[in-house]
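Right, I'll just put the structure down here and ask away after.
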Amino acid sequence: MSHIRTLAHKTISLNLSVIAFMSYSALLGEKALAQPPTSLTSSTSQGHANQEASSTQIYDFIMDDIDGKPRALREFTGQVVMIVNTASFCGNTPQYEGLQKLYEQYRDQGFTILAFPANDFGKQEPGDNKEIAEFCYTKYSLEFPLFSKITVLGDQKHPLYRYLTEDTAFKGKIKWNFQKFLIDRTGQVIARYAPKQKPLTSQIVDDIEKALKVS
């Protein structure tokens, strides 16, 4: 008789354990349903997200103009832009004249030139911003934007030039004064010209005209 009672107690205990387990499982299921779904991102899509987050264009930069006032390059969004590192006492300095003519010829179509004086080559831009401005405006009557003196080489290279020479399809350090980069209306660098290549050469003119035709 005692054997039967013991067996009955064990059966009841087992049934209670099963019921408790089922109740606990149901509770876990309800909690799982209450949680928001976990977003699973593949390594490929995550890579694209990181790339997009770190992407850069010239429009992302704010540069000081020749008077030391901040000027956001996003101002030139939608224009064809030529970026040039310049110097006042270089064999290439007379290119200022050709650059001004380019600007006059195409500015009404949405073209501009951004000049960045730099003293990195032969110490041929030794003056301060005031002296540079006086030289450029007096001798060459420049009308396109002129910016404060920067560095385009080495550890102190300005982030704009780090972008131009390291993060575009036209990589490679600046060779000398008056290296030129051409940027299309979407902010993409589409050409790079040697320092000695004069602004009014047929290649540069043709490239500008083609870029201007693309809306």
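Any idea how many residues of region 128-144 are crowded, with 16+ Cβ neighbours inside 10 Å and either of a type outside the set (Val, Ile, Thr) or free of Cβ contacts under 8 Å to residues at least 12 places away in the same chain (or both)?
7
Among the helices (runs of 4 or more DSSP H) confined wholly to region 106-213, which include 1 or more residues that are over 15 Å from Ala87 (Cβ atoms) and of a type in the set (Phe, Trp, Tyr)?
Result: 129-139, 159-166.
If you don't mind, there's one more thing I want to ask. Check whether at least one residue in region 68-86 is part of a loop (DSSP other than H, G, I, E, B), of a type in the set (D, E, K, R), in contact with a helix residue (DSSP H, G or I) (Cβ under 8 Å, 6 or more places away or on another chain) and modelled with pLDDT of 95 or more, and report yes or no.
Checking region 68-86: not a single residue is part of a loop (DSSP other than H, G, I, E, B), of a type in the set (D, E, K, R), in contact with a helix residue (DSSP H, G or I) (Cβ under 8 Å, 6 or more places away or on another chain) and modelled with pLDDT of 95 or more.
Output the number of the condition that Phe147 fails; it satisfies all remaining conditions of (1) aromatic (Phe, Trp, Tyr); (2) buried (at least 19 other Cβ atoms within 10 Å of the Cβ); (3) in contact with a Lys or Arg (Cβ under 7 Å, 6 or more places away or on another chain).
(3)
Kindly check whether there is at least one residue in region 96-111 that is of a type outside the set (Lys, Arg), surrounded by 14 or more Cβ atoms within 10 Å (Cβ to Cβ) and either touching an Asp or Glu at 6+ places or on another chain (Cβ under 6 Å) or farther than 25 Å from Asp206 by Cα (or both).
No: region 96-111 contains no residue that is of a type outside the set (Lys, Arg), surrounded by 14 or more Cβ atoms within 10 Å (Cβ to Cβ) and either touching an Asp or Glu at 6+ places or on another chain (Cβ under 6 Å) or farther than 25 Å from Asp206 by Cα (or both).
Suppose the filter is of a type in the set (S, T, N, Q), assigned to a loop (DSSP other than H, G, I, E, B), at pLDDT 95 or above and surrounded by 10 or more Cβ atoms within 10 Å (Cβ to Cβ); does Thr56 pass it?
No, not satisfied.
Within region 81-117, which residues are more than 12 Å from Lys180 (Cβ to Cβ) and among the aromatic types (Phe, Trp, Tyr)?
Residues satisfying the conditions are Phe89, Tyr96, Tyr103, Tyr106, Phe111.
Within 15 Å of Lys180 (Cβ to Cβ) and not acidic (Asp, Glu) - does that describe any residue in region 56-70?
yes
Any residue in region 202-215 that is at pLDDT below 95 sitting within a Cβ distance under 9 Å of a residue that is crowded, with 16+ Cβ neighbours inside 10 Å and assigned to a helix (DSSP H, G or I)? List the pairs, counting only those 6 or more apart or interchain.
Listed pairs, sorted by first residue: none to list.
The values are calculated or read from the model by the stated rules, or taken from the named source; none is laboratory data. Here the structure is a predicted model, which means the values were calculated and not measured. Positions of Cβ are generated from backbone atoms using ideal geometry, with glycine treated the same way; all protein chains shown enter the neighbour counts.
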